[in-house]
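A short write-up of the structure that comes next.
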Amino acid sequence: MARPFTLTVGSFLSALVLGSSAFAGGTGFNPWDERVIREGIDYDALANDPEFSLEALRDKGKELFEGRFIKDEGAGRPNATQAIVPTKRRRPAGHMFLRLSGLDANSCQSCHAMPVSGGAGDFTANVFVSEGFESADFDTTDPQFSNERGTNHLMGAGLIELLAREMTADLRAQRSKAVVAARENGQAVTLQLETKGVSFGVLTAQPDGLVETSGLEGIDSDLTLRPFGQKGVFGSLRQFTVNALNQHSGMQPAERYGVAWTGTADFDGDGVDNEISIGQVSAMVAYQATLPAPGRKTPLPDIWVEAAKHGEHLFSEAGCASCHRPSLPLESLVFQDPNPFETAGTLRPSDVTTALKLDLGTLDWVKALPKDDQGRTLVPLFGDLKRHRIADAARDTLGNELLSQRFVARDVFLTAELWGVGNTAPYGHRGDLTTLHEVIDAHGGEATEARKAYTALPENDRQAILAFLKSLEIAE
Amino acid sequence: MSRRIEFSRAFLIAPMLAFAASALTNTPSQAQDETLRQSSLAPVPHFVEEAHAAGLDHKYEGPWEYFVGGGVAIFDCNGDRRPDLFVAGGQNEAALYRNDSSPGGALAFSKTATGISDQRLTKVLGAYPIDFDNDSIQDLVVLRLGENLLLKGKGACQFELANRSLAFEGGREWSTAFSAIWEQGATYPTLAFGNYVDRSAPGAPWGACHDNFVFRPDEGDALKYAQVLRLSPGYCTLSMLFTDWNRSGEPALRVSNDRHYYRGGEEQLWALSPGRPPRPYRRSDGWRHLKIWGMGIASIDLNVDGFPEYALTSMGDTKLQMLDDEADESVPVYRDIAFERGVTAHRPYTGEDLRPSTGWHSEFQDVNNDGLWDLYIAKGNVEAMPDFAAFDPDNLLIGQWDESFVETGDIAGIDLDRRGRGAGLADFNMDGLLDLVVINRSAPVSLFRNVGSGTADAPQPLGNWLGVEIRQPGVPNPFAVGAKVSVKIGNRTIVRDVQVGAGHASGQAGFLHFGLGVSERAQVRVRWPDGSWSHGYRVFANHHVIIDRGDEAAKLWFAN
């Protein structure tokens, strides 16, 4: 059983109450009921169900992802801020919705919608990212209070998280090996960290178990690869979902905002206890983890096919592919929920007796992905899941934020995965660059040489690169 | 189709069963218990007693002089950063146990020789670790019935007696308390010894308390403790602590005394200004008369206002003192908030014995890693005092979000029928959960492994946590006694001081433990003993971090 969070009873009781409606029939709900949450989802029952259906769970998750939450089921957080650590507001919120500090949505899909549910968002769907601690109720776009960000798409996110997990496990194993070797040999061991061909700098292990991490690059000092968010500061779909439900919709998942960690089942003080159960979060995770990865636009006219082929070659030649790697190899397609590296506040493997396992290998779009000679699935993300400095004095467009986010400097961002870039304009982390050329031209910092190589190309070759990028589409 | 139906059941039927099971198991007797005792909303960790299996077979016992004492020093004696144990034995020899526990596994200790003669290790009541000679190896101050010992650590769990080389007169008193501090500008620490009954005084033991002593290091480069200052009168001290009670940067010495033997005595606070003799705070200074059977001090800044709160164990009510509104930075007026916070712990919380409790060691720690301080109190009848509870289990008061504390000793599994004395909470198997060692009178030492929300076979973590070690390499006071460590998680700040002293004859050095709740990262700042603040160190949860003064970034430490 799920240990500290068996929180399905409330939802069940709601269902019982509604069952008394004259119109409800057998469902417990009137057909026109506006509620999104219409049933409890029992995590343990799912995890132990021998006939578990990934499709059915995904469908439940889709309903939650796309549904417009209402006040009666917990939408709104009058006494809580948007912070990922449960934080009380100094005074009750004056508004149910406020475009800046939130609530800024009552549905995930209201932003993640382009060109399909789970996709990206236009500039109108930008989010104003604040830690939510000091000045949590900011009502200005002044960048000293928040970072304005475009909405990323979630297509293929399940594979992204699996890649990150394998890379985390690999990097930590390398660290352990270095610590053991230093202890055994009585000498410091300096290690070049690399996983799936991506380098993450160096660390040094001392014979007494000390590890110096100042030489790490593009990853946090705990060697947890966090692949989500423009900054790469969220480790899992589950963690992001728990954060986002609270921030954007004021729906507070019990696994973080419930009694165990806050002393109350109604932390946001809206009169609704345990608003989202672990099973419901799992359904939302399942939906996002199974969203098909973007592919290549088809059909294309011959001229575009030819240009894209040439452009893909040039993309690599120019050095773009050193960060926007065409693919990374993935060993296992089994998506365990929760993530094995989760920490308290998001469901952890230790919180459940049996973890839910979603076999993404059963999905047709996953089966269609190429494999390498070791049988590994090649995930065509066009990214490296690593953070890089992307701006400098000469090119500061992408360094336009004032606030660092969760220890990551203001001009450092995760390499944007380019799968789907063809139909998810506008570009840049603020979503304020209208064309692919503009965003390429904005690259500075570590991407300076690649950008220079691109700009030095003849116009036809630049067009070829754009043709290639425009072919990387989310299927509609 | 049938698959779909089965799946629907998983959504709808399972919650129904869970609800029904919950209703069925809620028996009348349980409901009654719940009305009698408040339940902890915060997670309660499970503790598994495994002293014998861990190789920790030790007993503190002896005649009347050992009714008190029974301490343990928790510190790293061999440089592997795992906490080892030096355990008082009373009439038995004190013993040193090296920590062989595997990370995250069962606890394991090996008795190891200290290099000190057996005779010196008898009559030991307690011990405190401190690096008094600044060589970055923890030394030991050993409290005895008779000559106290300064044991210089040599590494590899070996010690040498340093009384003579340091010109330290160990005395012949019955020493039961200790604290130390590096006074401002001092190279070496000032040592304070608390003494109990003067057995040679006329009329002893009644009204015959010994003076307490303060040893300031002699001037000059070499460490010598030739001069002794008397804190007179002494009131049969059982716990003492150098503490910066008023944020002045100049710690004063708080002294907790046993009213059972003193006449006209009280709790004490001594000012120690550098270069000046100790001076007691008096009524005219605002210090209020308080008589308790003071046995153990625990100190923490609960409301993070810079003014620490103090839990004082006693017979009957435990006190919890907070500076009163009438107080200011020169007027130490305290009020007791024990009742409003639920920490009086005045009688056993389980069993049939309703007579008052007898409290000894106390310690604030975060045993469930939820970011709220919890309070542990060792309990046990002095010997067979008829007016006090015979079955007197230790307390584990879990901090709640409404600032109260809720008793959970029995739920946690530490409610043994033993007479607790000294104790300490430390992470012996480096898994991020604080374990517990309790020295019992005339009974085996208890060693509890904290298995979180799991079992002995399958421990489970609770909240996120952080272990912090701070150092000042190459300067006096390398382990930064007197520093304050501030950990910021979201809008909340948790602080604790690096101190030597308090508790009941029991001290510890090593990682400072912080529970982080659901935060996966934190910012750590250090106010070094000279008062200067570090920058904020950005660290991730569930790690041991080392902060060397002046370093740009914290280092990580791994047990394996």
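Please verify whether A:Ser316 is part of a helix (DSSP H, G or I), at negative phi, among the hydroxyl-bearing types (Ser, Thr, Tyr) and within 14 Å of chain B (Cβ to nearest Cβ), treating the condition exactly as stated. No: the conditions fail for A:Ser316. For residues in segment B:485-505 being in a strand (DSSP E or B), within 30 Å of B:Gly70 (Cα to Cα) and in contact with a Ser or Thr (Cβ under 8 Å, 6 or more places away or on another chain), which is nearest to the other protein chains (Cβ to nearest Cβ)? Once the filter is applied, the top-ranked residue is B:Val495. For segment B:59-78, filtered to residues that are within 20 Å of the chain's Cα centre (by Cα) and part of a loop (DSSP other than H, G, I, E, B), the residue that is surrounded by the fewest Cβ atoms within 10 Å (Cβ to Cβ) is B:Phe67. Taking the numbered list (1) within 14 Å of chain B (Cβ to nearest Cβ); (2) surrounded by fewer than 20 Cβ atoms within 10 Å (Cβ to Cβ) in turn, A:Gln405 passes all entries but (2).
Considering B:Trp465, B:Trp401, the condition of being in a loop (DSSP other than H, G, I, E, B) and within 14 Å of chain A (Cβ to nearest Cβ) is satisfied by B:Trp401 alone. If you scan segment B:338-354, which residues turn out to be more than 20 Å from the chain's Cα centre (by Cα) and buried (at least 18 other Cβ atoms within 10 Å of the Cβ)? Those that are more than 20 Å from the chain's Cα centre (by Cα) and buried (at least 18 other Cβ atoms within 10 Å of the Cβ): B:Pro348, B:Tyr349. Counting only residues that are of a type in the set (Asp, Glu), more than 10 Å from chain B (Cβ to nearest Cβ) and touching a helix residue (DSSP H, G or I) at 6+ places or on another chain (Cβ under 6 Å), segment A:246-273 holds 1 of them. Residues in segment B:251-266 that are under 20 Å from B:Gly69 (Cβ atoms) and either in a loop (DSSP other than H, G, I, E, B) or of a type in the set (Ser, Thr, Tyr) (or both): B:Ser256, B:Arg259, B:His260, B:Tyr261, B:Tyr262, B:Gly265.
Can you find even one residue in segment A:15-37 that is assigned to a helix (DSSP H, G or I), touching a helix residue (DSSP H, G or I) at 6+ places or on another chain (Cβ under 8 Å), over 30 Å from A:Thr362 (Cα atoms) and at pLDDT below 95? Explain how you work it out, then say what you get.
As a first pass, look at segment A:15-37 and keep what is assigned to a helix (DSSP H, G or I): A:15-18.
Filter again for touching a helix residue (DSSP H, G or I) at 6+ places or on another chain (Cβ under 8 Å), leaving A:15.
If we keep only those that are over 30 Å from A:Thr362 (Cα atoms) as well, we get A:15.
Now restrict to residues that are at pLDDT below 95: A:15.
Checked segment A:15-37: at least one residue is assigned to a helix (DSSP H, G or I), touching a helix residue (DSSP H, G or I) at 6+ places or on another chain (Cβ under 8 Å), over 30 Å from A:Thr362 (Cα atoms) and at pLDDT below 95.
The lone criterion from (1) in contact with an Asp or Glu (Cβ under 7 Å, 6 or more places away or on another chain); (2) crowded, with 23+ Cβ neighbours inside 10 Å; (3) assigned to a loop (DSSP other than H, G, I, E, B) left unmet by B:Phe391 is number (2).
For A:Arg149, the conditions (1) buried (at least 17 other Cβ atoms within 10 Å of the Cβ); (2) touching a Lys or Arg at 6+ places or on another chain (Cβ under 8 Å); (3) over 24 Å from A:Gly399 (Cβ atoms) are fulfilled apart from (3). Going residue by residue through segment A:203-212, is there one that turns out to be surrounded by fewer than 17 Cβ atoms within 10 Å (Cβ to Cβ) and either on the phi > 0 side of the Ramachandran plot or more than 11 Å from the chain's Cα centre (by Cα) (or both)? Yes: one or more hits. Under the condition of being part of a loop (DSSP other than H, G, I, E, B) and in contact (Cβ under 8 Å) with a residue 60 or more places away in the chain, which residue from segment A:194-211 is farthest from the other protein chains (Cβ to nearest Cβ)? Ranking the candidates gives A:Gly197 first.
Hey, can you tell me all the residues within segment B:115-140 that are closer than 23 Å to B:Gly70 by Cβ and in a loop (DSSP other than H, G, I, E, B)? First the steps, then the outcome.
Taking segment B:115-140 first, the residues closer than 23 Å to B:Gly70 by Cβ are B:116-130, B:138-140.
If the condition is that a residue be closer than 23 Å to B:Gly70 by Cβ and in a loop (DSSP other than H, G, I, E, B), then B:Ile116, B:Ser117, B:Thr122, B:Lys123, B:Gln138 are the ones that fit.
Please find, within segment B:325-337, the residue that is surrounded by the most Cβ atoms within 10 Å (Cβ to Cβ) out of those that are outside any strand (DSSP E or B) and modelled with pLDDT of 95 or more. Among those that are outside any strand (DSSP E or B) and modelled with pLDDT of 95 or more, it is B:Pro332.
Could you please let me know if B:Leu447 is under 30 Å from A:Arg90 (Cα atoms) and hydrophobic (A, V, I, L, M, F, W, C)? Before the answer, list the steps.
Values: under 30 Å from A:Arg90 (Cα atoms): no; hydrophobic (A, V, I, L, M, F, W, C): yes.
Against the criterion (under 30 Å from A:Arg90 (Cα atoms) and hydrophobic (A, V, I, L, M, F, W, C)), B:Leu447 does not qualify.
Picking from residues in segment B:279-324 that are loosely packed, with under 15 Cβ neighbours inside 10 Å and polar (S, T, N, Q), the one that is nearest to the chain's Cα centre (by Cα) is B:Asn303. Restricting attention to segment A:44-77, the residues that are outside any helix (DSSP H, G or I) and touching a Ser or Thr at 6+ places or on another chain (Cβ under 9 Å) total 9.
Among residues of segment A:39-66 that are more than 9 Å from chain B (Cβ to nearest Cβ) and without any contact (Cβ under 8 Å) to a residue 12 or more places away in the chain, none has a beta-carbon under 8 Å from a residue that is in a loop (DSSP other than H, G, I, E, B) and of a type in the set (Phe, Trp, Tyr) at least six positions away or on a different chain. The set of residues from segment B:506-550 being at the interface with another protein chain (Cβ under 10 Å from one of its Cβ atoms) and on the phi > 0 side of the Ramachandran plot comprises B:Gly517, B:Asn542.
Kindly indicate whether any position in segment A:77-94 is under 30 Å from A:Leu472 (Cα atoms) and either surrounded by 16 or more Cβ atoms within 10 Å (Cβ to Cβ) or within 14 Å of chain B (Cβ to nearest Cβ) (or both). Working first, answer last.
Going through segment A:77-94, the residues under 30 Å from A:Leu472 (Cα atoms) turn out to be none.
No; the residues of segment A:77-94 include none that is under 30 Å from A:Leu472 (Cα atoms) and either surrounded by 16 or more Cβ atoms within 10 Å (Cβ to Cβ) or within 14 Å of chain B (Cβ to nearest Cβ) (or both).
The test for being within 22 Å of B:Tyr128 (Cα to Cα) and either part of a strand (DSSP E or B) or within 14 Å of another protein chain (Cβ to nearest Cβ) (or both) holds for B:Val437. Of all residues in segment A:112-145, those satisfying the criterion of being part of a loop (DSSP other than H, G, I, E, B), among the small types (Gly, Ala, Ser) and away from chain B (no Cβ under 14 Å) are A:Ala113, A:Ser117, A:Gly118, A:Gly119, A:Gly121.
Identify, please: which residue in segment A:167-187 is in contact with a Pro (Cβ under 7 Å, 6 or more places away or on another chain) and surrounded by fewer than 18 Cβ atoms within 10 Å (Cβ to Cβ) and is, among those, nearest to the other protein chains (Cβ to nearest Cβ)? Spell out how you get there, then give the answer.
Filtering segment A:167-187 down to residues in contact with a Pro (Cβ under 7 Å, 6 or more places away or on another chain) leaves A:182-183, A:186-187.
Still in the running and surrounded by fewer than 18 Cβ atoms within 10 Å (Cβ to Cβ): A:186-187.
Values: A:Gly186: 12, A:Gln187: 16 Å.
This residue is A:Gly186.
Could you tell me whether segment A:78-96 includes any residue that is free of Cβ contacts under 8 Å to residues at least 60 places away in the same chain and part of a helix (DSSP H, G or I)? No - not one qualifying residue is present in segment A:78-96.
The values are calculated or read from the model by the stated rules, or taken from the named source; none is laboratory data. Everything numeric here is computed off the predicted structure, so don't read it as measured data. So basically every Cβ, Gly included, is an ideal-geometry build from the backbone, and we count neighbours across all protein chains shown.
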